[in-house]
Structure formats: C-alpha cells, structure tokens
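Single-structure report; data block below.
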Amino acid sequence: MEKKEIKKRIEELREKTEYYAQKYYDEDKPEISDFEYDMLMVELRNLENDNPEFKSKESLTQKVGGHVKEGFEKVTHEVPLQSLQDIFNLDEIDEFDERIRKKAEENGIEDIKYIVETKIDGLSAALEYKNGKFIRGATRGNGLVGEDVTQNLKTVKTIPMEITDKIDITVRGEVFIAKEDFEKMNRERQENEEELFANARNAAAGSLRQLDSKITEKRPLDIYIFNVQKIEGKKFNSHFEELEYLEKQGFNVNPIRISCTNLGEVKNAIQKIGQMRENLTFGIDGAVIKVDNLKFREILGTTAKTPRWAIAYKYPPEQKETILKDIICQVGRTGVITPMAILEPVKVAGSTISKTTLHNEDFIKEKEIKIGDKVVIQKAGDVIPEIVKVIKEKRTGEEHDFEMPRICPVCGAEAIREEGEAAIRCTGIECPAKLFRNLVHFVSREAMNIDGLGENIIGQLLDKNLISNISDIYELKFEDVASLKKNGKKFAQNLIDSINASKQNDLYRLITALGIRHVGGKASKLLARKYKSIDNIANASFEELSEINDIGEVMANSIKEFFIQDQTKDLIEKLKMAGVNTISLQEGSSDNRFDAKTFVLTGSLEKYTRKEAEDIIESFGGKTSSSVSKKTDYVLAGSEAGSKLTKAQSLGVKIITEEEFSNMIK
C-alpha cells in the first residue's frame with residue numbers, strides 16, 4: 001500500500017473509531033459489536049506504529065474515548081483514570097512479559113509477580129472518601145475530566161457511605177449490571193415494546209449517567225473496586241495487599257484475582273477465567289494482567305493513555321452454527337408484531353439457545369434469512385443471542401422465504417406498516433395481546449381518569465377473567481371489585497363511583513382513551529371541538545381530516561384506519577350501551593383570538609397551573625408546543641425560565657409575562 005493510501009486509510013479509521021466511540025461512550029448506544037470496534041482499533045494502531053509520521057495525539061490510540069455529558073458538573077481526576085492496551089492473542093502476552101523483564105533487569109529487580117483479574121464489562125468510576133466518608137464519585141470521562149455522579153452512586157447499595165478507617169482515599173471500580181438483572185430488564189422492556197439495551201455495559205453506563213438519580217435508583221447497579229488511586233497515610237508493597245485492605249474497609253472488591261509468579265501461570269489464569277466466564281454472575285470481556293509490585297509500577301510508568309505495567313487480553317465472542325427451523329410471530333402489548341427465529345438448540349457462552357428475535361422484516365431481508373438456513377449465532381455482549389450471518393454456501397435448495405403477516409396472528413385484525421417505520425402493528429383495539437396496555441391507557445389520568453384502576457388491579461381483573469374487553473370495565477359488579485382486596489368494600493365503592501363518573505367525561509377524553517396512533521390529547525380536543533360526536537369523527541373523510549390544521553395526512557390516515565376496523569365499531573357500540581358519553585360537552589366559542597397562534601410555556605407560573613394556561617390558549621383557538629422555533633408566536637415566561645427563554649431571545653420570538661398574558665385573555 002502506498003503512503004498516500006495508508007494516510008487515507010488511517011484518516012478513515014480515525015473518523016470511524018471516533019464516531020463509534022461517541023455512540024458507545026457518550027450516547028450508550030453502540031452501533032457495532034465490541035469485537036468489530038476492537039478490530040478497527042487494532043488496524044489503526046498497527047498502521048500508526050508502522051507509519052509513525054502519521055501518528056497524532058487526536059487519534060483514539062493515543063487518548064481515552066468519552067466526553068463529559070452536558071448537565072453534569074465536571075470533575076478533574078487527581079490521578080488520571082487511564083484505559084488499558086488491548087491484546088487479542090497469547091503471543092502478545094509474551095511480548096508484554098519480555099518488556100517487563102527487560103525493565104526489571106535494568107533496575108535490579110528479580111522477583112516479578114503478576115495479578116490476573118477479570119476485566120469487568122461496565123463503566124469505570126472513581127470514589128472519593130474524606131475522613132472515611134464518601135463525598136464524591138465521578139465517571140472516567142476522558143480519563144482526565146469526568147462527570148460528577150455522586151447522587152447516582154449513592155443509590156448503588158454495594159458502595160459503602162462510610163468505611164472502617166477514618167482516612168482520605170480515592171478508589172477506582174467498575175459499575176455494572178449482573179447478567180440475570182440485565183436479562184430481566186430487557187425482558188420487561190421487550191414486553192413494553194421499549195428499545196432493548198444493546199448490552200449490559202451500556203445499560204449500566206446509561207443508568208449511571210442519568211440526570212435524575214430517581215431513575216438510577218430503579219436500575220440494579222453494582223460495583224467491583226479494583227484499584228487504589230490515592231491514599232493518605234498508608235503505604236502498600238503490592239497490588240494484592242491493596243485489594244485485601246480494601247475488602248477489610250467494606251468495599252466490594254473484584255472477586256477473581258489470581259497471583260502468578262511466571263508467564264506460564266499467567267496464561268493458565270487467562271484460560272481458567274475464560275472457562276469460568278460463562279458461569280460468572282457478571283459480564284466480562286477479558287482478563288487484565290497487572291504487575292503486582294507497586295514500586296516497580298512507578299518505575300515502569302505510563303503513556304498518555306495507558307499504564308505500561310498492565311495489559312488486557314480480550315476474549316473473542318463465541319460463535320456456533322445451527323439450523324433456523326422456523327420463524328414465528330409474537331404480538332407485543334402495543335401491537336408490534338415481532339418475528340422470532342426457532343433454532344436447533346445449541347449451547348453458546350454457557351446457555352442453550354433455541355430461539356432469538358429477528359427484530360423486523362428489514363432485518364430478515366438485510367441478512368437474507370430463509371427458513372431452513374444454516375446460521376451462525378453468538379451472544380451480543382455475552383447476553384443476548386443474535387444471528388450473525390447466514391451460511392449461504394450450505395444451502396440445499398429446500399430453504400424458503402418468510403413473509404411478515406399482514407393479518408394479526410392473535411386477533412385477525414389488519415396489520416400495517418406505516419411509512420418511515422420498521423415495525424408492523426396490529427390495528428385491532430380488542431386484540432387480546434394488546435388488552436393489558438390498552439386498558440392501562442384507557443383508564444389513565446389523561447384519558448378516562450378512572451381513579452383506583454391501576455396496573456395491579458387491572459392485572460387481577462384479567463387473571464380472574466372478570467374483564468376481557470375495555471367495555472367490560474363498565475359491567476364490573478361491586479362484589480367483583482370487593483373480592484380483590486381484604487376488607488375491600490370501601491375500595492370497591494370508590495372504584496365503582498369513579499367508573500360511573502367517567503361515563504360523563506367529555507368526548508375528547510374518550511378519543512384520547514381509545515389510543516388512536518399519533519392522536520394525543522391536543523389532537524383529541526381539536527377533533528372533539530370540530531366534529532362534536534364520535535360518529536361524526538368516524539364518518540369524516542380522509543381528505544377532510546388531512547386538511548385540518550395540526551392533523552395532516554399521517555394522523556388522518558391513522559384515524560381512518562382505526563375507525564374502519566370491525567373491532568373499533570364493536571367497542572364503540574358497547575361503550576354507548578354502557579352509557580359512556582360520546583358527544584362533545586364543550587360549548588363552541590366564537591372567540592378565536594389566538595387562531596393559528598403557537599405558544600410555548602416555560603418557567604414557573606404563579607396565577608395558573610401549566611394545564612390551566614394551555615386550556616385557556618386552546619379555548620381561544622390557539623395551540624401550545626414544547627419547543628421554541630421560528631414558528632413560535634409567543635413564549636409565556638414564568639420565574640426561573642431556562643433554555644427556552646434563551647432560545648426565544650436568540651430567535652426574536654415575542655416573550656410575554658403572566659400579567660401580559662392575563663391582559664390578552666380578558
């Protein structure tokens with residue numbers, strides 16, 4: 001390869017690794033596997049080493065990936081949190097050992113010991129203690145400056161708020177989510193049709209870097225401490241001695257650490273950790289080899305990015321070949337139809353895999369997957385099974401294509417794929433697969449506002465077969481509800497009263513409750529004001545609906561698709577028979593002083609709640625938005641207004657006070 005081509009390839013690799021590192025470290029949304037990223041870094045490092053004239057301090061081979069996330073206070077690390085140089089074969093361990101022994105010989109050091117530890121797949125953090133009390137915690141960031149995540153770290157139960165000795169100490173550890181907890185989190189997210197976490201590491205990183213510590217508290221974070229960064233008043237001779245001291249102080253120390261006196265023992269330790277990897281409760285992506293002698297570490301020193309006294313051996317992802325026997329479809333709680341691959345059972349990374357998600361029809365087409373194919377599977381992040389590729393050369397001709405259904409396999413309603421979306425959804429409002437989610441939405445505060453009918457009670461009603469349809473809510477008997485709770489008579493009476501009261505709700509609440517795709521509270525109010533009854537909305541043409549301001553073609557199509565379904569017609573008739581109001585109770589207003597005007601509300605209002613102000617604006621024909629743009633007409637600014645006010649000022653949008661707003665609505 002000519003120098004010109006080498007330089008071009010190096011620039012390409014730097015651009016790619018920067019992009020993928022940003023997705024991985026800063027956004028916690030990796031787009032490629034760890035192994036693929038590692039291979040790009042290896043290629044870049046080798047090209048730079050062979051062509052030193054093209055080296056740059058800006059290359060990720062020379063600096064730590066990651067930046068400080070906006071919204072967090074910056075923390076400058078007194079002792080940098082460096083990364084490790086990764087290696088991928090045992091020959092490179094020989095080279096590492098040769099360098100260490102050569103340096104030892106130069107300095108008259110005879111006794112060389114190594115510690116081999118698990119390389120935990122998580123997010124690195126520094127914990128700072130003053131007089132034995134935890135005072136601050138920070139992420140690694142770029143190694144020199146990290147994010148202050150003290151409040152979030154206080155929610156991690158294995159971090160001691162106070163240690164045994166009243167000393168000043170800073171320790172480093174890896175925050176992670178255990179395999180079982182990660183699988184549980186993703187199962188719940190899949191049931192709720194939320195985006196799955198790519199792997200346990202990014203789930204842990206995203207959880208720790210939440211701006212709201214209440215969210216972090218709900219995540220099953222754990223930590224293993226693996227290093228003393230700084231300590232006042234104590235000296236240690238070896239790393240092993242440090243770790244034992246940390247355990248006595250109450251820290252949750254990395255449990256797997258093997259002391260080795262020679263290179264053979266180091267390689268055996270790496271193999272041993274590799275064999276036990278599948279049975280560990282936490283995820284690892286390698287083994288770390290460290291010089292044990294702390295004084296020798298000082299002699300060896302560090303580069304700008306990595307210590308010279310440690311190295312990380314990365315295990316390759318385990319892949320297995322199997323047969324894709326069939327593809328079945330599952331319907332989730334929001335109606336998304338997901339194809340699942342049924343596999344000839346095969347053991348990968350310690351567990352038997354017999355099925356895995358195929359995500360959507362685009363994924364199937366992209367991988368050119370056919371039923372009967374021989375496929376290669378692996379566990380993404382050693383947790384989620386995935387199909388890596390099809391072995392096309394092993395096809396026999398008996399394989400056949402799979403087509404996603406256009407009819408829901410559960411209820412028989414039409415299944416549609418909207419433009420710009422990858423998912424195919426069931427449109428049936430009475431689909432049993434969607435029933436729980438539809439019920440929860442129907443009774444919610446923004447919809448029919450049935451107080452007391454929460455997820456737990458809905459679950460019990462479904463389990464006892466007391467309801468099997470949304471309209472069954474209005475057929476519930478007092479004794480049915482009372483049976484759900486011990487001494488439940490008062491609860492039952494309150495709930496029945498709330499159900500009966502909901503029958504008198506305005507039409508817009510019913511429209512919201514029906515959960516028409518793309519139709520939220522504001523659009524529901526608009527439809528209720530314009531059409532006055534549910535029947536008029538059902539009979540409105542696509543052309544008429546699409547011409548309404550703030551409705552448009554996408555929403556109009558969704559409304560028409562919803563109301564032509566037999567299940568929708570059946571439900572509305574049942575609701576009418578139950579006495580649920582289906583007409584607008586709002587008096588039409590001839591005062592449209594805010595017609596076609598858009599307001600944005602920011603800061604704390606004193607005279608009105610946020611909802612009251614929005615309702616007033618809408619009653620005069622205006623609308624509200626959550627973001628400021630050039631199309632915004634007014635920004636109503638209360639006290640402590642923030643970035644929205646700043647943006648309005650920069651765009652020249654008119655800013656009004658509460659007093660000015662009050663004068664406008666007199």
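What follows is calculated from the coordinates using simple rules that are stated; it is not laboratory data. On a predicted model such as this, the values are computed, not experimentally measured, just so you know. Don't worry about glycine lacking a Cβ; one is built from the backbone with ideal geometry, like all the others, and counts go over all protein chains shown.
Working note: Cα gyration tensor of region 512-584, eigenvalues times five, square-rooted, sorted largest first, giving semi-axes of 20, 13, 11 Å. For an R0 of 22 angstrom, estimate the FRET efficiency from the Cβ-Cβ distance between ASP591 and LYS654 and round to the nearest 0.05. It comes out at approximately 0.60.
Need one word for region 188-274: rounded, prolate or oblate. Basis is the Cα gyration tensor (sqrt eigenvalues a ≥ b ≥ c); a/c below 1.5 gives rounded, then a/b vs b/c decides. Oblate.
Computed over the alpha carbons of region 387-489, Rg followed by Dmax gives 20.7, 68 Å. Counting 0.36 nm for each residue step from GLN565 to ARG395 and taking away their Cα separation leaves a gain of 57.0 nm. Site pair SER533 and GLU183 shows an inter-label distance of 5.6 nm when each label is modelled 7 Å from Cα along Cα→Cβ. By residue number, which cysteines of the chain lack any other Cys whose Cβ falls under 4.7 Å from their Cβ? So far as the 4.7 Å Cβ criterion goes, CYS260, CYS329 stand without a partner in the chain. Dividing the summed helix terms, -39500 (n - 2.57) for each DSSP H run of n ≥ 4, by the number of residues in the chain produces a 222 nm estimate of -10500 deg cm²/dmol to the nearest 500. Only Lys, Arg, Asp and Glu carry charge here, each on its Cβ (+1 for the first two, -1 for the last two); on that basis the chain has a dipole of about 1140 debye about its Cα centre. Taking packing as the residue-averaged number of other Cβ atoms within 10 angstrom, the listed peptides 399-412, 163-176 run from highest to lowest as 163-176, 399-412. Pairwise Cα distances in region 83-218 exceed 22 Å for 55 percent of all pairs.
All Cα-Cα separations within region 335-399 were binned at 5 Å from zero, giving a P(r) of 4, 16, 28, 25, 18, 8, 2, 0, each value a whole percent of the pairs.
Model label points for ASN237 and GLN271, set 7 angstrom from Cα along the Cα-to-Cβ axis, are 3.2 nm apart. Applied to region 132-138, the Karplus parametrisation 6.51 cos²θ - 1.76 cosθ + 1.60 on θ = phi - 60° returns per-residue 3J(HN,Hα) values of x, 10, 5, 10, 7, x, 9 Hz, with x for Gly and Pro.
If you take the alpha carbon atoms of region 427-577 and fit the smallest convex hull around them, that volume is 97 Å³ per residue. Rounded, prolate or oblate: which fits region 1-106 when a ≥ b ≥ c are the square roots of the eigenvalues of the alpha-carbon gyration tensor, with rounded for a/c under 1.5 and prolate only if a/b beats b/c? It comes out oblate by the Cα gyration axes.
Altogether, the Stokes-Einstein calculation at 25 °C and 0.890 mPa s, with the Kirkwood radius of region 317-426 over Cα pairs as Rh, returns a diffusion coefficient of 168 µm²/s.
Based on the convex hull around the alpha carbon atoms, region 522-651 presents an average projected area of 9.8 nm². Label zone of GLU53 (point 7 Å out along Cα→Cβ, amide N under 20 Å): in region 1-28 this covers 1-14.
Under 11 Å from a point 7 Å along the Cα-to-Cβ line of LYS248: which residues of region 136-180 have their amide N that close? Only 165 pass the distance filter. Here the 3J(HN,Hα) profile of region 282-293, calculated from phi with Karplus coefficients 6.51, -1.76 and 1.60 at θ = phi - 60°, is 10, x, 10, 10, x, 10, 9, 9, 10, 5, 7, 6 Hz, Gly and Pro shown as x. The 3J(HN,Hα) values that the Karplus relation (6.51, -1.76, 1.60; θ = phi - 60°) gives for region 96-102 are, in residue order, 4, 5, 4, 5, 5, 5, 5 Hz. Gly and Pro appear as x.
Measuring how big region 3-54 is from its alpha-carbon positions, Rg and Dmax come out at 11.8, 36 Å. With all pairs of separate Cα atoms included, region 275-375 yields a Kirkwood hydrodynamic radius of 17.6 Å. Please give the FRET efficiency for ILE32 paired with GLU455, using the beta carbon to beta carbon distance and R0 = 30 Å, rounded to the nearest 0.05. Efficiency computed from Cβ-Cβ geometry: 0.20. For a straight C-alpha distance cut-off of 27 angstrom, the lysines reachable from LYS532 (same-chain residues fewer than eight places away being disregarded) are LYS503, LYS522, LYS560, LYS569, LYS574, LYS576, LYS597, LYS611, LYS623, LYS666. If you wrap region 48-162 in the convex hull of its Cα atoms and look at it from every side, the mean projected area works out to 11.1 nm². For region 170-227, the direction-averaged projected area of the alpha-carbon convex hull comes to 4.4 nm². Using 10 Å bins from zero, what percent of all Cα-Cα pairs in region 468-511 falls into each bin? Reading the bins upward from 0: 26, 48, 22, 4. Straight Cα distances below 18 angstrom link LYS184 to the lysines LYS218, LYS355, LYS379, with same-chain residues fewer than 8 positions distant left out. Over region 74-314, all Cα pairs binned in 5 Å intervals from 0 give whole-percent P(r) values of 1, 6, 13, 17, 18, 17, 13, 8, 4, 2, 1, 0, 0, listed from short to long. Measuring r between the beta carbons of SER354 and ASN465 and using R0 = 41 Å, the FRET efficiency lands at 0.85. Working from the Cα coordinates of the chain, the gyration tensor eigenvalues give, after taking √(5λ), semi-axes of 54, 32, 27 Å in decreasing order. Considering all different alpha carbon pairs of region 598-664, the Kirkwood hydrodynamic radius works out to 11.7 Å.
Positive end of the dipole of region 555-658 (Cβ unit charges, origin at the Cα centre): among THR657, GLN565, GLY642, the Cα lying farthest that way belongs to GLY642.
Cross-link partners for LYS29 among the aspartates and glutamates, with Cα-Cα distance under 16 Å and sequence neighbours closer than 8 places in the same chain left out: GLU18, ASP121, GLU194, GLU195.
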